Structures are given as structure tokens and as C-alpha cells.
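The values are calculated or read from the model by the stated rules, or taken from the named source; none is laboratory data. All values derive from a computational prediction rather than experimental measurement. Here the Cβ is made from the backbone with ideal geometry for all residues, glycine too, and neighbour counts use every protein chain on show. Please note that ligands, DNA and RNA were not included when accessible areas were found on the heavy atoms of the full protein model with its side chains. Shrake-Rupley method; radii C 1.70, N 1.55, O 1.52, S 1.80 Å.
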Amino acid sequence: MGRLHANPALWAMVPALLAGLYRAVRRQIAAERVDCVHAHWLLPQGVVQASLAGRTGAPGFIVTSHGGDMMLADRPLVREAYRRVLKRADAVTIVSPAIGDDITRLDPSFDRSRLRVIPMGVDLARFERRRRGGTTAGDGTIRVLFAGRLTEKKGVSVLLEALADEALSSRPVQLWIAGEGPERGALEGVVRDRQLGRRVHFFGAVPHGRLEELYAACDIFCAPSVVCRNGDRDGMPTVLTEAAAAGLPLVATDVGGISLMVVPERTGLLVPPRDGHALACALARLARDSELRARLGEGARAHVQAFSWHAIADRYAEAIDAVVERRVRSA
């Protein structure tokens with residue numbers, strides 16, 4: 001979605017993508033007994049499945065919006081295509097409530113009672129860690145972890161601003177950044193300019209096995225997400241559920257569906273987006289209060305049980321069963 005928004009010339013490739021996907025999905029449905037199709041993203045999968053849904057004997061289908069597809073909703077042709085998808089889908093799921101507002105703006109006539117909010121799930125057992133007393137660093141340093149692609153919407157530049165803020169600059173805090181992306185060079189430049197080199201460590205792209213180790217080695221998890229100039233934003237980052245499963249207290253911005261996971265004073269602290277000082281104050285509060293870190297970490301571990309793969313799978317199974325049953329009754 002970001003590439004299409006940034007480079008309109010790439011739209012020339014979209015018709016071939018849609019045609020190829022249409023043929024592939026049509027062959028798959030014909031070859032197997034399919035009762036329901038789950039299409040992720042309104043474009044391209046939702047558009048393709050909405051076209052197939054008009055065929056006699058087509059299976060029911062559910063479409064899920066993850067939020068990024070809304071970046072293109074201001075384009076008239078895309079908006080009309082999205083409305084067609086929403087009309088033809090037997091069920092619509094979204095990963096955060098904020099996407100429901102986007103859909104209502106897209107199509108004011110859409111019945112919001114049709115929406116199911118089903119966030120992304122996590123394999124809790126993979127990220128559980130041993131409880132530790134105090135900090136994970138033997139010298140009392142507080143380690144703050146960020147994990148994700150280094151893009152504008154992740155807000156890492158704001159996190160670096162917070163690290164240099166006077167509310168946090170004098171505290172023994174290190175920032176660990178796990179991830180790769182187009183903003184890495186610029187972020188490394190900020191680290192040099194702000195003389196943060198001894199307090200910031202870039203790990204680059206990290207395999208999942210290594211990421212589990214980073215969660216276990218840190219004291220706080222931070223997701224400083226922002227809304228981009230082009231409207232792109234996070235839905236509900238899966239890394240928040242992973243960090244919560246690891247028992248980390250969470251500090252994040254109130255963007256998209258983040259508040260589903262970050263419940264103020266229960267699982268973590270929420271601050272306004274793009275407010276480096278507020279972010280610094282929240283991190284400083286946790287850095288100096290080990291009891292608060294422990295309490296919020298335990299709260300996060302308890303809260304994330306509702307986001308386990310089993311719990312989320314059950315919710316999707318319920319949605320799929322409802323679609324299939326309606327199709328059987330109407331046959």
C-alpha cells in the first residue's frame with residue numbers, strides 16, 4: 001500500500017496482479033470443496049473475492065481489514081471497489097476499533113453492527129519468560145525495547161527524542177532497537193547528532209528466536225506509533241502482545257488499536273502520539289519505579305491471555321461457522 005501511495009506509476013501493475021490472483025483463487029475453489037474464503041486486506045484479496053462472490057455457487061467469504069488498506073481509500077476508484085467488497089462480504093472483521101471509523105467514513109451507509117473486532121493473536125508459550133527481581137541488567141540499567149520495521153508510522157524518531165529529553169536523559173536507560181527499514185539511516189543520524197551512541201543499540205533484522213531473547217533481556221517495551229502524513233498507521237502491533245506475554249510493562253501511544261492491549265495503569269502507560277516529552281516522562285516513571293514495572297508487567301501478562309492463538313482462533317471459527325450456516329439455510 002505504501003509503495004502504491006508513494007509511486008502512482010506502480011498502479012499500472014495492479015490489473016495484472018488482480019487478474020492473476022482471480023484466476024488462481026478461482027482454480028483453487030473449483031479444485032477443492034470450499035465453504036468459506038477468508039480474504040485478508042480489502043485490496044487486492046477482498047476485491048478479487050468480491051468479484052468471485054457474484055458467481056453462481058460461490059462460497060461465502062469473510063474480509064479482514066488490517067488498516068493499511070485504508071491508505072488508498074481517498075482514491076475514487078478504490079473507494080468504490082471497497083464499498084463493493086463491504087457490500088458483498090458475508091462478514092467483515094477488523095483488527096482494531098479505529099478501522100471501523102475509517103469504514104464508516106468510507107461508506108456512511110455501512111451497518112457497523114456487521115463488524116467484528118478480532119485482533120491479531122500470539123503464541124503465548126513462546127514469549128513467557130522467567131520472572132526476575134529488579135532490572136535485567138546487573139548494573140541497574142533499565143533496558144527499553146522497540147521491535148518493528150523502521151518506518152515513519154512506528155515513531156522511532158519520537159522515541160529517540162524522548163531518550164534525549166531532560167526527563168529521561170539523566171537516567172540509566174538504554175534503548176534497544178530490533179528491526180530494519182528505510183528510516184534506519186536517518187535514525188542513526190539522529191543518534192549521532194544527539195550523542196546517544198552509548199545509550200542506543202541497533203540490532204537490525206532479528207529472527208523470531210532471537211526476538212524472544214530480547215524480550216527476556218529487557219525491562220520495558222515501547223511502541224511509539226504515529227499517524228503518517230499519508231494516513232497510514234498501525235492497527236494493533238503484534239509485538240505488543242508478544243511483549244505482554246513476556247511480562248513486560250508497555251509504554252505506547254494512543255494510535256489505532258493499541259489501546260486494546262495497553263490499558264492505562266493496568267498493563268502499561270499511554271501517551272499522545274508525537275509527544276516526545278510525554279513519552280520521556282512515562283518511560284522515566286517506569287524506570288524509577290520497579291514495583292510499578294512489576295505490577296504492570298503482571299497485568300500485561302494476565303490481559304494478553306485474551307489474545308492467545310486459541311482465543312483468537314475461536315473467534316474466527318465462530319465468524320466462519322456463522323457464514324457457512326447462513327449459506328446452508330439460504331441454499
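What to note about this one:
- Label zone of residue 216 (point 7 Å out along Cα→Cβ, amide N under 19 Å): in region 176-197 this covers 176-178.
- Compared with the dominant principal axis of the Cα atoms in the chain, helix 97-106 is inclined by about 50°.
- Length added when fully stretched, residue 104-residue 265, from 0.36 nm per residue minus Cα-Cα: 54.9 nm
- Dividing the helix sum by the residues of the chain, where each DSSP H run of 4 or more adds -39500 (n - 2.57), gives a mean residue ellipticity at 222 nm of -13000 deg cm²/dmol.
- The mean of 1/r over all distinct Cα pairs in the chain, once inverted, gives the Kirkwood hydrodynamic radius of 21.3 Å.
- Given charges at beta-carbon only (K, R positive; D, E negative), |dipole| of the chain in Debye: 660
- Fraction in percent of alpha-carbon pairs per bin - 10 Å, region 152-295: 11, 44, 40, 5, 0
- Computed FRET value (nearest 0.05) for residue 56 with residue 21, which takes r as the C-beta separation and R₀ as 25 Å: 0.75
- Within the accessible area of region 45-196 (1.4 Å probe), percent carbon and sulfur: 45
- Top of 67, 297, 189 by mean-square fluctuation, Gaussian network on the chain, Cα under 10 Å: 189
- Size of charge dipole - region 176-331 - debye, nearest 20, with Cβ of Lys, Arg +1 and Asp, Glu -1, no other charges: 260
- Approximating the spin labels as points 7 Å out from Cα along Cα→Cβ, the residue 229-to-residue 254 distance works out to 2.6 nm.
- Folded to 0 to 90 degrees: helix 309-330 orientation relative to the chain principal axis, Cα: 10
- Summed over all non-identical Cα pairs, the Kirkwood treatment of region 193-249 gives a radius of 13.5 Å.
- Region 53-131 - convex hull of the alpha-carbon atoms, volume per residue in Å³: 133
- For the chain, the longest principal axis of the Cα atoms and the long axis of helix 290-303 meet at an angle of about 20 degrees.
- Normalising the Debye intensity of region 4-44 to I(0), with uniform scatterers on Cα atoms only, and taking log10 at q = 0.19, 0.21, 0.35 Å⁻¹ returns -0.68, -0.77, -1.16.
- Divide the volume of the convex hull around the Cα atoms of region 1-109 by the residue count and you get 100 Å³ per residue.
- For region 285-314, backbone nitrogen atoms closer than 13 Å to the point 7 Å from residue 170 Cα along Cα-to-C-beta are found at no residue.
- Computed magnitude of the charge dipole of region 1-109 (debye, nearest 20; Cβ of K, R +1, Cβ of D, E -1): 400
- Extending 7 Å from Cα along the Cβ direction at residue 141 and again at residue 325 yields two label points whose distance is 5.6 nm.
- Calculated FRET value between residue 1 and residue 30, using beta carbons and R₀ = 25 Å, to 0.05: 0.25
- Farthest toward positive dipole pole in the chain [+1 Lys/Arg, -1 Asp/Glu at C-beta], among 173, 158, 138: 158
- Relative contact order for region 72-195, counting Cα pairs under 8 Å that sit 6 or more residues apart, in percent: 19
- Residue-normalised convex hull volume from the C-alpha trace of region 101-222: 170 Å³ per residue.
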